[in-house]
1. Taking 25 °C and 0.890 mPa s as the conditions, I'd like the Stokes-Einstein D for the range 1-85 in µm²/s, using the Kirkwood hydrodynamic radius from alpha carbon pairs.
2. Which residue, chosen from LEU160, THR113, PHE98, occupies the Cα position most advanced towards the positive end of the dipole of the chain, where the dipole is computed from +1 (Lys, Arg) and -1 (Asp, Glu) charges on Cβ about the Cα centre?
3. Calculate the dipole size of the range 101-187 relative to its Cα centre from +1 charges on Lys and Arg beta carbons and -1 charges on Asp and Glu beta carbons; express the result in debye to the nearest 20.
4. Measure up LYS10/LYS60; LYS36/LYS170; LYS11/LYS61; LYS10/LYS124; LYS11/LYS172 against 29 Å on the Cα-Cα distance and list the ones that go over.
5. Give the whole-number value, in cubic angstrom per residue, of the convex hull volume spanned by the C-alpha atoms of the chain.
6. Treat every Asp and Glu Cβ in the chain as -1 and every Lys and Arg Cβ as +1, leave all other atoms uncharged, and give the resulting dipole magnitude about the Cα centre to the nearest 20 debye.
7. Please report the spacing between the Cα centers of the range 167-183 and the range 18-70 in Å, no decimals.
8. Quick one: work out Rg over Rh on the C-alpha atoms of the range 86-191, Rh as Kirkwood radius.
Amino acid sequence: MDCISRDKIKKLEELIGEYRFNHSLGVMETAERFCKALGENPDKGKIAGLFHDCGKFLDKKMAFEFIKDNNLVYPEEYLENFQLLHPHLGADVARIVFDINDDYILDSIRYHTTLRENPSLLDKIIFITDAIEPGRDFEGVEKLRDLANKNIDEAILFSLDDTIKALINKGKYLGIDTIKARNYFLNIVEK
Ligand SMILES: [Fe+2]
Ligand SMILES: [Fe+2]
């Protein structure tokens, strides 16, 4: 896999910092395992997992310079909220900096935070492994890991519900894709 060359891995660590890089390694390994279990291409899972946070620039000023230098355009709601911006920016960073041109992989990077209505299997795997990789430590993570191993759709619904509640409790902005994804999973899990 050319995009997982030593140079690119070094570049990724420089861009996002050691903490986020170690998290990305955790997502890469966990995503590979889920891909094998669920019949997804494990190489795509590894690439998407490793680079999913490549838009999470350690230096936020650099992120906005990158956007300007590459004439990238994002909706205002993303530009005002870095948590919503970084996955969309990440898909562009993955393409421009890391030469990843597979739209299936790029979409899973683009939707790893909010997910979306009717996501691909890779979208689902990157979304949930981002939450449960071994480095994650939050209340309920073990329950989420167990659930994800048994039924990825139920785990995603649980996680989306949790995220939505937390965002509302903190008075934070809620992206429309998260709401659409939550309603989509509510439908398929109930059936
Ligand atoms: Fe992220
Ligand atoms: Fe992440």
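Every number here is computed from the coordinates shown, using simple stated rules; none is lab data. Nothing here was measured: the structure is a model prediction, and the numbers come from that model. Cβ coordinates were reconstructed from backbone atoms using ideal geometry, including for glycine residues, and neighbour counts include every protein chain displayed.
1. Details: Rh = 14.0 Å.
Answer, rounded: 175 µm²/s.
2. Sorting the options by dipole projection puts first LEU160.
3. Working: 12 positive and 16 negative charges, 67 e Å.
With Lys and Arg at +1 and Asp and Glu at -1, about 320 debye.
4. Going by Cα-Cα distance, LYS36/LYS170; LYS11/LYS172 fall outside the 29 Å limit.
5. Values: hull volume 22.2 nm³, N = 191.
Spelled out: Cα convex hull of the chain, divided by residues, is 116 Å³.
6. Working: 27 positive and 35 negative charges, 38 e Å.
Value, rounded to 20: 180 debye.
7. Each part's Cα centre sits 22 Å from the other's.
8. Working: Rg = 14.0 Å, Rh = 14.3 Å.
That ratio is 0.97, to two decimals.
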